[in-house]
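Before any comments, here is the structure.
The values are calculated or read from the model by the stated rules, or taken from the named source; none is laboratory data. In this text the structure is predicted, and so the values were computed from the model without any measurement. Cβ placement follows ideal geometry from the backbone for every residue including glycine, while neighbour counts extend to all protein chains displayed.
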Amino acid sequence: MTATSSTANISVRRQQWQEFWFYFSESKTAVAGLVFLLLVITLALFADIISPHDPAEQYRQFAEIPPAWMEGGQIRFLFGTDYAGRDMLSRIIHGSRLSLVAGCIVVLLSLSIGTVLGLIAGYSRGWVEAIIMRVMDTILSVPGLLMALVLVAVLGPGLLNAMVAIAITYTPYFVRLTRASVISEINRDYVTASRVAGAGPLRLMFVSVLPNCAAPLIVQATLSFSTAILDTAALGFLGMGAQPPMPEWGTLIAENRDLMLSAPWTVTLPGLAILLAVLAINLMGDGLRDALDPKLKRS
């Protein structure tokens, strides 16, 4: 009986996965975004092997060498070099690791804190909900990047502090989304049945209700991932995020902004990396939304 039940569960999960992939793959742009994101993740994971040079190694005699496809370029430095003679391709590849890790940590922090607070607010209601939501409204009343700048100014410049500050500004979105989902689910029959069966508040919130709120949270987390990369780069550009010589994408642009006219590739290529990564994640997020939201599924 147990083996039969296990086989049935596996079959159901396989069917759900096939249905999800069917709707996700209908969007060719979402698949393209997923493929590009997987490529960036591969570069980040194997940056030490793939990058042709050490990102911190300086070739002073080759400072500001243009990319290989431009006049005066060398195939040895495919994307050219910066003011200190460091290979731009190697720094961009290693920068993908920092940017992706920063985005993941920001999303994980804001998602976990926001989900817990949203569950408490939606389940408890009353004065507990009022306090939580008023605090979230206060955070939302200040522009996100401005609040992140203020928090980093208090905590001190650095990539870790920048991630914490950005995560705080993203938390209200997850709180409000989770609370709305909990309120719509809390009176459904399966929750009532669990309550009658003797399930406690924690089991009701995290076992019964939360899995049914996962779809919108996954979509929000994916889209927040792209904006987290953007905000991390913005703080790095302003000197409040990753500090030189760390090859974070925003810091790369800040380091070379004085070379915008004399060596434009040192600014353009990191900016292009940010653009393509954020675009790919947004395209994938749109595909996830279409695949996970039953209202958007076409029959």
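General remarks:
- Of the residues making up the stretch 183-196, those that are assigned to a helix (DSSP H, G or I), β-branched (V, I, T) and surrounded by 15 or more Cβ atoms within 10 Å (Cβ to Cβ) number 2.
- Candidates R179, R134, filtered to the one that is among the charged types (D, E, K, R), part of a helix (DSSP H, G or I) and crowded, with 21+ Cβ neighbours inside 10 Å: R179
- Near pairs, Cβ below 7 angstrom, 6+ apart or cross-chain, from the stretch 71-90 (more than 16 Å from L261 (Cα to Cα)) to any residue that is of a type in the set (D, E): F77/D87; R86/E57; M88/D82; S90/D54
- In the set (1) modelled with pLDDT of 90 or more; (2) assigned to a helix (DSSP H, G or I); (3) touching a Pro at 6+ places or on another chain (Cβ under 9 Å), Y123 fails one condition alone, (1).
- Evaluated against (1) without any contact (Cβ under 8 Å) to a residue 40 or more places away in the chain; (2) surrounded by fewer than 19 Cβ atoms within 10 Å (Cβ to Cβ); (3) in a helix (DSSP H, G or I), A199 falls short on exactly one condition, (3).
- Evaluating R86 against the criteria (1) in contact with a Leu (Cβ under 8 Å, 6 or more places away or on another chain); (2) surrounded by 24 or more Cβ atoms within 10 Å (Cβ to Cβ) leaves one unmet condition, (1).
- Out of L275, L269, L223, sole residue that is free of Cβ contacts under 8 Å to residues at least 24 places away in the same chain and either within 23 Å of L111 (Cβ to Cβ) or not in a loop (DSSP other than H, G, I, E, B) (or both): L275
- Test: residue in the stretch 95-116 that is assigned to a helix (DSSP H, G or I), farther than 30 Å from S208 by Cα, among the polar types (S, T, N, Q) and in contact (Cβ under 8 Å) with a residue 12 or more places away in the chain: yes
- When the residues of the stretch 137-149 are filtered to those that are of a type outside the set (S, T, N, Q) and loosely packed, with under 14 Cβ neighbours inside 10 Å, the one that is nearest to Y173 (Cα to Cα) is D137.
- The number of residues in the stretch 227-249 that are more than 15 Å from A167 (Cβ to Cβ), in contact (Cβ under 8 Å) with a residue 40 or more places away in the chain and of a type outside the set (A, V, I, L, M) comes to 7.
- Qualifying positions in the stretch 71-89 - under 29 Å from the mean Cα position of the chain (by Cα) and either within 14 Å of P264 (Cβ to Cβ) or not in a strand (DSSP E or B) (or both): L78, F79, G80, T81, D82, R86, M88, L89
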